[in-house]
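Okay, structure first, notes after.
The values are calculated or read from the model by the stated rules, or taken from the named source; none is laboratory data. Keep in mind that this is a model prediction, so the values were computed, not measured. No Cβ is skipped: glycine too gets one built from the backbone with ideal geometry, and neighbour counts run over all protein chains shown.
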């Protein structure tokens with residue numbers, strides 16, 4: 001069952017139930033009103049007959065019975081029985097007497113008016129106060145409310161037919177209501193179906209200004225914007241990766257082709273193989289960097305996060321850089337460090353964080369004339385701050401917004417070996433681990449990369 005049919009059914013059931021409850025309430029309260037009116041009328045009748053019986057010394061009982069029958073226009077099968085103080089029937093206008101229990105007689109004499117139903121008739125048991133202050137009589141009247149019952153039946157028919165017609169009208173209205181409610185969803189589905197990888201720039205629009213469906217369309221648009229950004233980044237990534245890999249592959253191919261053109265000496269072959277090996281090593285490093293970059297994009301390391309000491313990872317990176325490049329100098333300087341080591345604990349991946357520190361240290365040494373970097377470790381209000389400060393050529397102000405983009409290299413760094421991946425990889429690693437990175441740089445003075453690790 002689709003949403004439109006379900007909404008129509010639920011709407012019809014809800015409104016139909018409310019209407020049914022309303023009709024039942026009308027029927028019930030009208031029946032109560034009819035019964036109360038009928039008993040009041042019956043009570044007036046029995047009191048009038050009782051007064052005639054009380055004055056029967058002037059009027060015979062046969063005349064009383066005649067008067068009672070002549071006035072029996074509204075009531076059907078009316079029967080009135082009067083009991084005196086000795087519980088003996090002194091008047092009976094019907095063929096059968098309603099049998100009273102002693103309890104009923106006692107309650108009626110005490111002033112209680114008893115209203116019951118018996119054999120399809122209404123029964124009223126009440127007392128009559130005599131004018132001479134003798135003990136009261138008990139009057140029993142049985143009758144059928146022909147007019148009230150007929151009116152009640154007619155009302156029941158009207159309510160049932162009206163409820164059925166209203167239910168049909170509600171169903172049709174519910175279907176129109178569901179159509180109007182679902183139409184924006186259908187429009188959104190149609191628009192989304194027309195969007196593919198080639199037209200992610202198109203957006204979903206809804207005619208209504210501000211409601212839940214407009215928010216849904218806005219959410220779709222935000223998702224499309226993220227997908228468009230991801231697709232563009234992927235295209236750029238593939239384009240730059242292909243370009244970076246094409247150069248060493250072309251060098252390897254040309255080296256091999258030249259070597260195979262004629263017989264060479266063993267020394268020449270060794271030199272050629274060494275050149276090819278150097279290019280392969282560069283390709284291998286580039287591929288490894290690309291794999292690390294791809295894994296950070298997929299957040300494959302999220303499941304390996306654990307508590308680590310940031311200062312220990314920093315020293316591991318220091319040792320790695322010093323072993324790999326003997327001419328590099330990395331100085332780690334401590335600032336305000338609390339005695340509690342828990343202030344140095346953060347949640348992350350040790351190998352990834354070490355890679356980020358190594359990239360920053362390696363870049364600082366590479367682009368500094370003295371091949372050195374000063375690393376300042378400090379804790380300020382539970383925030384771990386690590387600053388990597390070099391004395392290199394600096395970064396142009398126009399290049400600062402793009403230095404963390406993949407494969408981006410400024411004009412001042414083109415003469416140095418690299419691929420433009422290190423800083424992009426570093427920022428993604430730090431973002432995954434809840435840290436931030438900022439950069440300040442002046443041409444001819446140097447650059448400072450500031451890392452901030454916030455508490456758990």
Subset tally (residues that are surrounded by fewer than 17 Cβ atoms within 10 Å (Cβ to Cβ) and part of a strand (DSSP E or B)) for the stretch 346-371: 1
Selection from the stretch 88-104 of residues that are surrounded by 13 or more Cβ atoms within 10 Å (Cβ to Cβ) and more than 28 Å from residue 148 (Cα to Cα): 89, 90
Close pairs (8 angstrom Cβ cut-off, 6 or more residues apart or separate chains): surrounded by fewer than 18 Cβ atoms within 10 Å (Cβ to Cβ) in the stretch 120-133, at pLDDT 85 or above anywhere: 120/144; 129/136; 130/136; 130/137
The stretch 32-65: number of residues that are over 21 Å from residue 125 (Cβ atoms) and at pLDDT 90 or above: 1
Test: residue 317 is farther than 16 Å from residue 439 by Cα, assigned to a helix (DSSP H, G or I), in contact with a strand residue (DSSP E or B) (Cβ under 9 Å, 6 or more places away or on another chain) and modelled with pLDDT of 85 or more: yes
Whichever residue in the stretch 403-456 is part of a loop (DSSP other than H, G, I, E, B) and more than 30 Å from residue 279 (Cα to Cα) and, among such residues, is modelled with the highest pLDDT: 454
Residue in the stretch 325-344 that is assigned by TED's automatic domain parsing to the domain that holds residue 436, loosely packed, with under 13 Cβ neighbours inside 10 Å, free of Cβ contacts under 8 Å to residues at least 24 places away in the same chain and assigned to a helix (DSSP H, G or I) present: yes
